[in-house]
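No value in this document is a laboratory result; all are computed from the given coordinates. The model shown is predicted, which means the values in this text are computed figures rather than measured ones. As a convention, Cβ positions derive from the backbone with ideal geometry for all residues, glycine included, and neighbour counts pool all protein chains shown.
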């Protein structure tokens, strides 16, 4: 039972992401309860030192072709507790047979860090005020500045960081690469480009911001056993911001099905997509919906595309629509009854000439997913007032460019995509899936307990998905899962996050087998089911 409880705790810890302010409050709660700062520092240092030894054992070739006895490690030491962590790690590595060299540019240290500095000096570990002696090291540990940094790196420190970034040695950062803003992932003047980052205690938001990714390298959480009650006391339970892990995502999906069911109990989705110019968008969206397992799939396309869609998706009900002169959908057929559908997904391949059909579905009381030209048409209509009139769930799936057109007054998603997504959800009342290397899914406010609503963050993805049509697949997948969720009374907002996770992991699996260059949108659809296995 203890093993099961431990696994459940580890899974919950992996799902939590916190701001710098929240992390400070959680640590302060630990210290007020009697946890000595020195004891916590020792525990963290021991965990990091063991991981360093696993990654770079004392005898290791580091790819040089022959074994090296006693690797040489450089440790960069800052003035605060991050520097104290680094000094403690340096001491442990020294005692395990590594040759350790210290770089400590700042004389004034916090009291505990100063004590560690005094002890490592007594061990005979050499300490320098210049970085250059560390160039002979096999790898370097960055312990200059940890979480909570807000000031830009300037002067000599900035020059040292830039110098380090020009070297070829692996760099392992403690908590965060020095120079990275904890919440936004912004580079504060300059920042260390780490090969590996040990995030301490709980995941910081920077690890889920696109702009920080090239500085973080391989990232892992060093769990030093913060009691969950101390976490929940600060951030609430469940957490308002969550990393969506595989276990959590699969638990949200409508699996397994009940033994006794039928197609209409698995949802009926209407896709509205495609044009003479962009016929592929309709096919890819349909294939994404097919993979969702939705019970019934109807696809509205321009009349001339109907034979093409039938050939690719024979199980779907293809609705031929009146066309504009440009080959876009002019409107849905007069006999169309939107109330018979459980969800609608609209946008891929439409072109801006399909404005009437987008205006029509926005007036419906059916859960609606808007993507691509559906979003572009919405932006022309003034996003917030238009969406405020809807009585049903709306899901918006913009990339950064579409986001700025939809929400010009929201925060810049390139600076802080988490805050931007939350502001957009608050303004519009819609679920906003802000696509990127680390997609963010924000929901509207749920009163005083959730003043900003829930936020899910997809912690992994692949640049293989940076290809035309992959977003169309996601739209179909979301639509199908929403339709199923409506019939089974499952949480709709969470289903959007589960779809984003599923889509990302299908891309990751495809890239592993085919390389990042070999994942076109059609190929991606072939990996959706495999990703769930």
Inset, instruction - Report the antiparallel proportion of the DSSP beta bridges in segment 2-237 as a percent, rounded to a multiple of 5. - result: 10 percent
Inset, instruction - Starting from the Cα gyration tensor of segment 114-254, take the square roots of the eigenvalues, sort them a ≥ b ≥ c, and report rounded, prolate or oblate (rounded when a/c is under 1.5, otherwise prolate if a/b is larger than b/c, else oblate). - result: prolate
Inset, instruction - Determine, for 454, 107, 472, the number of other Cβ atoms within 10 Å of each Cβ, and report the residues in order from fewest to most. - result: 107, 454, 472
Inset, instruction - Would you mind calculating the gained length between residue 21 and residue 339 on full extension (0.36 nm times residue separation, minus the Cα-Cα distance), in nm to one decimal? - result: 109.8 nm
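Taking the number of other C-beta atoms within 10 Å as the exposure measure, put 127, 137 in order starting with the fewest. Provide the component values of the computation, followed by the final result.
Values: 127 17, 137 21.
Arranged by neighbour count, lowest to highest, 127, 137 become 127, 137.
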Legend entry - Peptides 328-336, 391-399 ordered by average Cβ neighbours within 10 Å, highest first: 391-399, 328-336
Legend entry - Contact order normalised by residue count of the chain, Cα under 8 Å, 6+ apart, percent: 12 percent
Inset, instruction - Per DSSP H run of at least 4 residues, take -39500 (n - 2.57); add these up for the chain, divide by its residues and hand me the 222 nm value, nearest 500 deg cm²/dmol. - result: -12500 deg cm²/dmol
Legend entry - Spacing of the two label points (7 Å from each Cα toward its C-beta) at residue 460 and residue 214, in nm: 2.4 nm
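Sort the following peptides by mean Cβ neighbour count (other Cβ atoms within 10 Å, averaged over residues), highest first: 32-45, 253-266. Don't jump to the answer; show the numbers that get you there.
On the way: 32-45: 14.5, 253-266: 11.7.
Ranked by mean Cβ neighbours within 10 Å, highest first: 32-45, 253-266.
When only Cα pairs under 8 Å and 6 or more residues apart are kept, what is the percent relative contact order across segment 246-532?
Working: 645 pairs, mean separation 58.7, N = 287.
It rounds to 20 percent for segment 246-532.
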Legend entry - Of all DSSP beta bridges in the chain, antiparallel share, percent nearest 5: 20 percent
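Among DSSP bridges having both ends in segment 246-532, what percentage is antiparallel? Round to the nearest 5.
Numbers: 7 of 29 bridges.
Taking every DSSP beta bridge with both residues in segment 246-532, the antiparallel ones total about 25 percent.
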Legend entry - Order of 223, 416 - criterion: other Cβ atoms within 10 Å of each residue's Cβ, fewest first: 223, 416
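Would you mind putting 143-155, 474-486, 277-289 in packing order, based on average other-beta-carbon counts within 10 Å, highest first?
On the way: 143-155: 19.8, 474-486: 29.5, 277-289: 26.1.
Per-residue Cβ counts within 10 Å, averaged per peptide and sorted highest first, yield 474-486, 277-289, 143-155.
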